[in-house]
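Presented below is the structure to which this report refers.
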Amino acid sequence: MYSLLFLGSVSFVLSLLLTPLVRAVFRRFGLAHRGSETHHPIPRVGGIAIVISYVVSYLCLLALPLKGGVVVWDSLNFTLALMPAAGLIFLIGVVDDIVGLEPWHKLLGEIVAAGLAYWGGIHIHGFAGQMSGSWWSLPVTILWLVACTNAINLIDGVDGLATGIGLFATCTTLIAALIQNNTALAIATVPLAGCLLGFIRYNFNPATIFLGDCGSLFIGFLLGCYAVVWSQKAATILGMTAPLMALSIPLLDMTVAIVRRYLRRQPLFEGDRNHIHHRLLKRGFTPRKVALVMYACAAVGATASLIVSNRNISAFVILAFCLTTWVGIQHLGYVEFGVAGRLLIDGAFRRMLNSHISIENLEESLTAASTPEDCWNVLRNYYREFGFCRIEAQMAGQELSESAEMQPLESWKVIVPISEFSYIELYRGFGPAQQHQVVASFVDVMRKVLEPKFTVFERMGAETDNAQEAMGASV
């Protein structure tokens, strides 16, 4: 216990003293900063002060003739093994803050760091250690660590937000470690809690220094590693559920951003201003109120993560937590999820899926057709599936047509040229506008497959006609 108090106190004091020093140095040389509303440059390398405070607090403990030093050496072998991985993450963040990195470069570095952490003993084995040694342990562990690393980074959009969220998650992990009597995890998390508590003094609105990528990536990576250790000692069969709840706010924000960008067909790594904190700002919240609201949400997640360890009420807590999360996302007013939900409910998604499957089948059948007659038979079989009521064609010198039994009173047509002398006319009644995309896909497939085919057919026909004319002339 004395070691925990010593580590927490030293890291807190170091963070309080080093943060303004780092701020002054980088402000003096004009490095890694951006402007603010007060026109004073604000350095975004606060992670340097946090990392120095974190490491030096251990060195101070080990340098003292206390039994705590022995405990550190005996209990934190996994933390020492994590130093190369955590150092790489920190280095990536520093380089990005000072000179800038491409998103793919950062991601590649994070994957390498996660691999180093796996090699250092951070393994997700499944539920409470079940299915240990499974082949998927490595990719799942890497995915988890990369997700946590970027989740804290992405939520760092309001003064003090990422620092406070990280502090709540760290303290929750510390409490869980004390409940589990997990000395190694407790000693690992105490300095991080002290560093964040000291740093938030300068990072809360109005901030005079920002975490930067070197800070947010480092914090997210460590929290991801500590969550794995927490889950390995969990008494419940749910394993990673409690750590997930403790990190629910940043992970939820990242997941919503990825899904939203995917639905809009936007680049996944391209930033925007539609994160949860941005939505709250648009609703009139001040940056300070946004941070406090998010802190409250993080506190709810932290409380739920600790309560869920009780097997008797874990199912109820998880259900209530999921429902609360769903209601909260609904109130943020993301249009993408509303539209997607309506598509699923009214069956539009299923109809679109069936239409696209039919297009794939059409393309396969047309590709297999070897004669103009085969192509016509394929089109006769498919045109009704896409809502057309009549089809007419000029193919290789033949005029062909077919109509459905029921004809609309009014219709429009599309003419699809497939060669110099061949074309297809399709008639369709006026219907829902959302079907136009499917119609366009149907037309595109016909042109893509039939144009080269009929170019060959007509050339072969012309050669045959020329041969017959030459034969007749010779006779």
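The values are calculated or read from the model by the stated rules, or taken from the named source; none is laboratory data. These numbers were taken from a predicted model, which means no experiment stands behind them. Here the Cβ is made from the backbone with ideal geometry for all residues, glycine too, and neighbour counts use every protein chain on show. These accessible areas exclude ligands, DNA and RNA; they are computed on the full protein's heavy atoms, side chains included. Shrake-Rupley method; radii C 1.70, N 1.55, O 1.52, S 1.80 Å.
The combined condition, being modelled with pLDDT of 85 or more, over 13 Å from GLY157 (Cα atoms) and of a type in the set (S, T, N, Q), is not fulfilled by THR241.
Of all residues in region 255-273, which are touching a Leu at 6+ places or on another chain (Cβ under 9 Å) and open to solvent by less than 40 Å² (accessible area, probe 1.4 Å)?
We begin by selecting, within region 255-273, every residue touching a Leu at 6+ places or on another chain (Cβ under 9 Å); these are 256-258, 261-262, 269, 271, 273.
VAL256, ALA257, ARG261 - these are the residues of region 255-273 that are touching a Leu at 6+ places or on another chain (Cβ under 9 Å) and open to solvent by less than 40 Å² (accessible area, probe 1.4 Å).
One residue alone among VAL99, VAL140 is farther than 25 Å from PHE26 by Cα and not small (Gly, Ala, Ser), and that residue is VAL140.
Tell me yes or no: at least one residue of region 178-186 is under 21 Å from LEU91 (Cα atoms), in a helix (DSSP H, G or I) and not hydrophobic (A, V, I, L, M, F, W, C).
no
Would region 126-136 turn up any residue that is open to solvent by 20 Å² or more (accessible area, probe 1.4 Å), on the phi < 0 side of the Ramachandran plot and assigned to a helix (DSSP H, G or I)? Talk me through it step by step, then tell me what you get.
Within region 126-136, the subset open to solvent by 20 Å² or more (accessible area, probe 1.4 Å) is 127-136.
Add one more test, that the residue is on the phi < 0 side of the Ramachandran plot, and what stays is 127, 130, 132, 134-136.
Right, trim to assigned to a helix (DSSP H, G or I) and you get none.
So far as region 126-136 goes, no, none of its residues is open to solvent by 20 Å² or more (accessible area, probe 1.4 Å), on the phi < 0 side of the Ramachandran plot and assigned to a helix (DSSP H, G or I).
Within region 405-429, being surrounded by 14 or more Cβ atoms within 10 Å (Cβ to Cβ) and part of a loop (DSSP other than H, G, I, E, B) holds for PRO408, ILE418, SER419, PHE421, SER422.
Looking for something more than 24 Å from LEU62 (Cβ to Cβ) and open to solvent by less than 10 Å² (accessible area, probe 1.4 Å) - is there at least one such residue anywhere in region 195-204? The answer is yes, given that some residue of region 195-204 is more than 24 Å from LEU62 (Cβ to Cβ) and open to solvent by less than 10 Å² (accessible area, probe 1.4 Å). Only one entry in THR183, THR172 is closer than 22 Å to HIS123 by Cβ and under 27 Å from the mean Cα position of the chain (by Cα), namely THR172.
Of the residues that make up region 218-235, is at least one in a loop (DSSP other than H, G, I, E, B), open to solvent by 10 Å² or more (accessible area, probe 1.4 Å) and within 24 Å of LEU88 (Cβ to Cβ)?
Narrowing region 218-235 to residues in a loop (DSSP other than H, G, I, E, B): 233-235.
Narrowing the set further to residues that are open to solvent by 10 Å² or more (accessible area, probe 1.4 Å) leaves 233-235.
Then keep just the ones that are within 24 Å of LEU88 (Cβ to Cβ); that gives none.
No, there is no match, as no residue in region 218-235 is in a loop (DSSP other than H, G, I, E, B), open to solvent by 10 Å² or more (accessible area, probe 1.4 Å) and within 24 Å of LEU88 (Cβ to Cβ).
Please count how many residues of region 341-381 are assigned to a helix (DSSP H, G or I), at pLDDT below 85, open to solvent by 30 Å² or more (accessible area, probe 1.4 Å) and of a type outside the set (S, T, N, Q). Within region 341-381, residues that are assigned to a helix (DSSP H, G or I), at pLDDT below 85, open to solvent by 30 Å² or more (accessible area, probe 1.4 Å) and of a type outside the set (S, T, N, Q) number 11.
Every residue in region 99-122 that is under 20 Å from VAL229 (Cα atoms) and assigned to a helix (DSSP H, G or I), please.
Scanning region 99-122 gives GLU110, ILE111, VAL112, ALA113, ALA114, GLY115, LEU116, ALA117, TYR118, TRP119.
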